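Derivation of every value follows stated rules applied to the coordinates shown; laboratory data play no part. Being a predicted model, the structure only gives us computed values, none of them experimental. Please note: Cβ atoms are built from the backbone with ideal geometry, for glycine as well, and neighbour counts cover all protein chains shown.
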Amino acid sequence: MTIVPYSQSPEDARPHFRNLRLLRDDMLNAGIPADSLKELSMGMSSDYQVAIEEGATVIRLGTALFAPRQGTGQDLKAGPWNS
């Protein structure tokens, strides 16, 4: 599973998604059992299409389904994950 740094452009997520897929492929080629690596969870509402193109089998669509968060009193884009 990966969550990429926030960006206005979904394409900025592509290298992160590709790197995770390649890491998973390397692990499979090293003999790690495929049943322990069958899911590739990456992509959220803003970049899920790129994630699918890069091999995602699980995506997270909270904002697309439920609308953006409101009333938190916080700028969600300015969290510690975006420093």
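A few comments on the model shown:
- In Hz, Karplus ³J(HN,Hα) per residue of region 42-54 (6.51, -1.76, 1.60; θ = phi - 60°; x = Gly, Pro): 7, x, 10, 3, 7, 9, 4, 5, 5, 4, 5, 4, 8
- Estimated FRET transfer efficiency (ARG14, GLU39; beta-carbon r; R0 22 Å; 0.05): 0.70
- The phi torsions of region 17-26, fed into the Karplus equation with coefficients 6.51, -1.76 and 1.60 and a -60° offset, translate into couplings of 5, 4, 4, 5, 4, 5, 4, 4, 4, 4 Hz, rounded to whole numbers, with Gly and Pro shown as x.
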